[in-house]
Amino acid sequence: MFQDEARFGRITDTRRCWCPKPVRPIVTAMVTQEYTYAYAAVSIADGELDTLILPHVNGNCMQLFLNEVAARHPDDHIVMVLDGAGWHQSQELALPENLRLLKLPPYSPELNPVEHLWDELREKAFPNLVFDSLDALERHLESALREMENDIARVRSIVAWPWIIDALVN
């Protein structure tokens, strides 16, 4: 499985949109400092996606996420590939029995296919939206993540990169 986190906040990502001439579309924008974080781990082989929304990126939240993934796959031996973020390397992490961590080389986010899931999520589920509260943002994020988790074919089409599949097969 490949793992990553992404920050989602009450900040608008305005994008172009179509409307008939001479009308100019009006898009509300908001800049605020409220954020939440989505954690995701994806199985490249079958496109199965596990996600969790947590309030921070730190060792405690990472531990919750690792425990959750391990509990969702009790009969699997999981090698989780992740970046070198500080909370991934915490000495206080207690790895579940069925899970091992494998670190990507430094400064190589392009090697993690989960980054493309975040791009897809932001592009399809979050353009030109303003949320009244962090709870509203989290409800929308939960819905979008659940939809993505349930669409295994779509997830697999995004993350099943040939070089990763070849490495798994050989």
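Looking at the stretch 91-145, the pairs of alpha carbons with a distance over 12 Å make up 77% of the total. Of all DSSP-defined beta bridges confined to the chain, some 70% are antiparallel rather than parallel. Rolling a 1.4 Å probe over the protein heavy atoms of the chain, with every protein chain left in place, gives an accessible area that is 53 percent carbon and sulfur.
Solvent-accessible surface of the stretch 64-166, taken per residue with a 1.4 Å probe and all protein chains present: 59 Å².
The share of C-alpha pairs in the stretch 73-170 whose separation exceeds 25 Å stands at 37 percent.
Loop-resident chymotrypsin sites (Phe, Trp or Tyr not before Pro) (DSSP state other than H, G, I, E or B) in the stretch 48-157 with no more than 11 further Cβ atoms inside 10 Å of their Cβ: Y107. Can you give me the angle between helix 134-150 and the longest principal axis of the chain, using Cα atoms only, in degrees from 0 to 90, rounded to the nearest 10? Result, in degrees: 60. Using just its DSSP H runs of length 4 or more, each adding -39500 (n - 2.57), the chain gives a mean residue ellipticity at 222 nm of -10500 deg cm²/dmol after division by all residues.
Of the GluC sites (Glu not before Pro) found in the stretch 45-132, those that fall in a DSSP loop while having at most 10 other beta-carbon atoms within 10 Å are E92, E97.
Axis angle, to the nearest 10 degrees, between helix 59-72 and the longest C-alpha principal axis of the chain: 70 degrees.
Projecting label points 7 angstrom from Cα along Cα→Cβ for L134 and L95 puts them 3.2 nm apart. Based on Cα atoms of the chain, Rg over Rh with Rh as the Kirkwood radius reads 1.01.
The values are calculated or read from the model by the stated rules, or taken from the named source; none is laboratory data. As the structure is a prediction and not an experimental result, all values here were calculated from the model. Methodologically, a virtual Cβ is constructed for each residue, glycine included, from the backbone with ideal geometry; neighbour enumeration extends over all protein chains shown. Remember, those area values only see protein heavy atoms, side chains included, never the ligands or the DNA or RNA. Shrake-Rupley method; radii C 1.70, N 1.55, O 1.52, S 1.80 Å.
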